[in-house]
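Since every read-out is calculated from the coordinates, none of them should be taken as a lab result. Nothing here was measured: the structure is a model prediction, and the numbers come from that model. Here Cβ is always computed from backbone atoms with ideal geometry, including for glycine, and neighbour counts include all displayed protein chains.
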Amino acid sequence: MIHGRLLIADADASGSITAALERAGCAVTIVNAPKQVLLRLCASRFDVVLIDEQMLSPGRSDLLRQVRENCPRAAVIVLSAQPTVDAAVNAMKQGAFDYFSKQRPCSEIVRIVQKAIFQQQDGSPGPGPASEALGGILTNDERMLKVVAMIKTVADTPATVLLSGPSGTGKSMVARAIHAASDRRDKPFIEVSCGALSDTLLESELFGHTRGAFTGAVADKPGRFVAADGGTIFLDEIASASPHLQVRLLRVLQDRMLEPVGSHKTINVDVRVILASHIDLADEVQAGRFRQDLFYRVNVVNISLPALRERPADIELLASHFLERYCRQMNRHVAFSADALVRLRRYDWPGNVRELDNCVQRAVVLSAGAEIGVADLPAAIASVVPKGCENIGDSLPRGMNLKQALKQIERRIILGAVKQCGDRTKAARMLGIDRVTLYKKLRK
């Protein structure tokens, strides 16, 4: 049973949804007009607010913001009759806890409301674009919010999903988030790193083998596809699969059937397949290293994850998240110094989120005091300078005094930061100054 107060703002509220929530223990209040939403919020406290997307139509676009301002502790969930990725991203940017289709089963809606109520009653921070959007994915970045929206869209479908993007961007986490949001969540999630095994071992690992199939096969062994039956299998670095394995994978994707190594017995499997590659598979097809027919099978839904350097607004957010985690694990109480944060923001992060995670863990281990300083960061990060500023003094006009030279250097650094971030507010944050100061310095 869940015990919480729920406000449903929907002119066509479904009786079945209301009944399911009340059976689950919710105290449900229903309103059917935007004005009534705010009146109810002023009069009573609610743990969750369910809003029909039609109430957020043009002319009422600030309703979600007003709800968040009047009831900041409430989780706001947007229901849509015709959900779209862009609408989901917009809702989450405005602080929605979740966004999903009205056509979802009542049991699913109850589960999501239950999760929202538990979060609110546990005293967790109110939801917003910087909260864990789904499956532990933390982001303030619009591209990543679109990834989250795509996860929600494809989760309950049987579609094969291909995750692309550089190494370390979180493809495994996204695969787990898709599984956790799907109707297969209570079944196994099996992850296989295709690039970590030889061709023979990978074939045996995926499809299983019979006793005597090869030297060392002393007993029958079910493969990972069989282990994932009813659930999800995640094949990481699929580009490394040999031509022989690609043929076998194609059959599983087409027919959901396989034969263990050394056996002629066909096994049927019911499994959702998610694949990932940091290499562009379309290029691999052109080069003749990846089968075109297999590419068409795996590229049903393609979710591309951006590099960390392309989402600078998330660097400090993720660093703070990792810092909190490792401080809790190691029973430490440390914080980043201002200089350390500047280095983190300016670094290119070629290893992406994985590198940032490792960097923060190392810093927590090595820091001697209550503050993580520049000296606690890896040398490559500690020595970083803003892009375009490495040789900034080489072209200074002769005859300048020190004050004039410093002003010109400062201006070039600011302009470089604005160019790098694409936005003056983000540039000010990266430089550790407020926006007003940045504007004043640019006007001088």
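Annotations for the structure displayed:
- Per-selection Kirkwood Rh - the range 337-377 (Cα, Å, 1 d.p.): 10.4
- In summary, the range 248-398 shows an alpha-carbon radius of gyration equal to 1.58 times the 2.2 N^0.38 Å reference for compact globular proteins.
- Highest-fluctuation residue, Asp12, Asp199, Asp141 considered, GNM on the chain with Cα pairs under 10 Å: Asp12
- Each Lys and Arg contributes +1 and each Asp and Glu -1, all at the Cβ; summed about the Cα centre of the range 4-128, the dipole is approximately 220 debye.
- Sites listed here are trypsin sites (Lys or Arg not before Pro) in the range 202-274 whose DSSP assignment is loop and whose Cβ has at most 11 other Cβ atoms within 10 Å: Arg211, Lys265.
- Local electrostatic count at Ala276 - Lys and Arg +1, Asp and Glu -1, tallied over other residues with Cβ under 11 Å: -2
- Calculated P(r) tail over 21 Å for the range 309-382, as whole % of Cα pairs: 15
- Annotation: Cα Rg of the range 301-343 relative to the compact-globule expectation 2.2 N^0.38 Å equals 1.49.
- Computing Rg and the Kirkwood Rh from the Cα coordinates of the range 136-203 gives a ratio, Rg/Rh, of 1.01.
- Cα point-scatterer Debye curve for the range 1-108, base-10 log of I(q)/I(0) at q = 0.09, 0.10, 0.18, 0.20 Å⁻¹: -0.20, -0.25, -0.85, -1.07
- Over the range 208-258, volume per residue of the alpha carbon convex hull, in Å³: 101
- For the range 198-237, the normalised intensity computed at q = 0.25 Å⁻¹ comes to -0.84 (log10 of I(q)/I(0), Debye sum over alpha carbons, equal scatterers, no solvent).
- Local electrostatic count, Val147, Cβ distance below 11 Å [Lys/Arg +1, Asp/Glu -1]: +3
- Local electrostatic count, Val161, Cβ distance below 11 Å [Lys/Arg +1, Asp/Glu -1]: +2
- Multiplying the residue separation of Cys327 and Val436 by 0.36 nm and subtracting their alpha-carbon distance yields 35.8 nm.
- The convex hull of the Cα atoms of the range 151-306, projected and averaged over all directions, covers 8.9 nm².
- Rounded D (µm²/s) - the chain, Kirkwood Rh over Cα pairs, Stokes-Einstein at 20 °C, 1.002 mPa s: 85
- Here the convex hull built on the C-alpha positions of the range 402-443 has a volume of 60 cubic angstrom per residue.
- Descending semi-axes in Å of the range 39-102, equivalent ellipsoid built from Cα gyration tensor: 19, 12, 11
- Cα centroid separation - the range 289-306 against the range 40-102, whole Å: 35
- Antiparallel bridges, percent of DSSP beta bridges restricted to the chain (to nearest 5): 15
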